[in-house]
Amino acid sequence: MKFLRIFIIGLLLIGFIASTSYALEQNQNRLTIEDITLQVFDRSTNQLSPLSPLPNPYGMDMDILVSVKVRGKQTSPSNQVVPPQKIRLVVDGKGYTTAATGRVSPWKETQTRSVFIPPETEISYVPFFIEYKCYPNVAFTATVATSSQWKNFSLPCAE
């Protein structure tokens with residue numbers, strides 16, 4: 001009976017130490033999404049520009065450069081570099097109807113990339129390229145580990 005108690009206490013102690021070590025390691029590798037910005041890439045001129053005014057009012061031959069700003073430490077307690085984490089960008093445009101376009105279906109797109117944070121700066125900008133589509137209300141959601149942020153943008157086009 002005494003042996004069983006010691007054995008159970010030993011197992012609990014091992015579990016506590018393992019979970020504390022895991023929590024410390026996760027805290028060391030915590031990444032946070034700080035911002036999401038958009039620019040337009042015009043394929044016909046090879047130029048980047050802000051969303052407004054659009055280089056082409058109809059959205060033709062354009063892509064969106066989505067930059068996600070990530071901050072954090074990505075080193076292990078022994079100062080060894082850990083592998084990059086995955087960051088996910090979800091684009092969610094609501095469907096709409098206008099006289100010029102008729103009914104436009106909802107837009108849902110997901111992209112995933114690796115993010116590596118240089119130890120000297122603790123900041124990285126992760127780029128995503130998405131084809132420009134005319135939608136009045138689009139949510140861009142970036143997620144890495146337990147951090148997530150979203151922003152709404154209007155991607156207008158002339159009618």
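The values are calculated or read from the model by the stated rules, or taken from the named source; none is laboratory data. This one's a predicted model, so the numbers in the text were calculated from it and none came from an experiment. Positions of Cβ are backbone-derived with ideal geometry, glycine not excepted, and every protein chain shown enters the neighbour counts. Calculation scope for accessible area: heavy atoms of the full protein, side chains included, ligands and nucleic acids excluded. Shrake-Rupley method; radii C 1.70, N 1.55, O 1.52, S 1.80 Å.
Pairing residues of segment 124-136 that are more than 11 Å from Leu65 (Cβ to Cβ) with residues that are open to solvent by less than 50 Å² (accessible area, probe 1.4 Å) and part of a loop (DSSP other than H, G, I, E, B), at Cβ distances under 8 Å and at least 6 apart in sequence or on separate chains, gives Ser124/Ile117; Ser124/Pro118; Lys133/Gly59; Cys134/Gly59; Cys134/Cys157.
Which one of Val144, Val138, Val70 is among the hydrophobic types (A, V, I, L, M, F, W, C), over 18 Å from Pro50 (Cα atoms), touching an Asp or Glu at 6+ places or on another chain (Cβ under 8 Å) and modelled with pLDDT of 90 or more? Reasoning before the result, please.
Values: Val144 fails: touching an Asp or Glu at 6+ places or on another chain (Cβ under 8 Å); Val138 fails: over 18 Å from Pro50 (Cα atoms).
It is Val70.
The single condition from (1) open to solvent by less than 40 Å² (accessible area, probe 1.4 Å); (2) closer than 21 Å to Asp42 by Cβ; (3) not charged (D, E, K, R) that Ala142 fails is (2). Screening segment 110-135 for residues that are part of a strand (DSSP E or B) and among the charged types (D, E, K, R) and picking the one that is nearest to Ile33 (Cα to Cα) gives Arg113. Of all positions in segment 1-10, at least one carries a residue that is at pLDDT below 90, open to solvent by 90 Å² or more (accessible area, probe 1.4 Å) and in a loop (DSSP other than H, G, I, E, B).
Tell me yes or no: at least one residue of segment 56-78 is part of a loop (DSSP other than H, G, I, E, B), surrounded by 15 or more Cβ atoms within 10 Å (Cβ to Cβ) and without any contact (Cβ under 8 Å) to a residue 24 or more places away in the chain. Within segment 56-78, one or more residues are part of a loop (DSSP other than H, G, I, E, B), surrounded by 15 or more Cβ atoms within 10 Å (Cβ to Cβ) and without any contact (Cβ under 8 Å) to a residue 24 or more places away in the chain.
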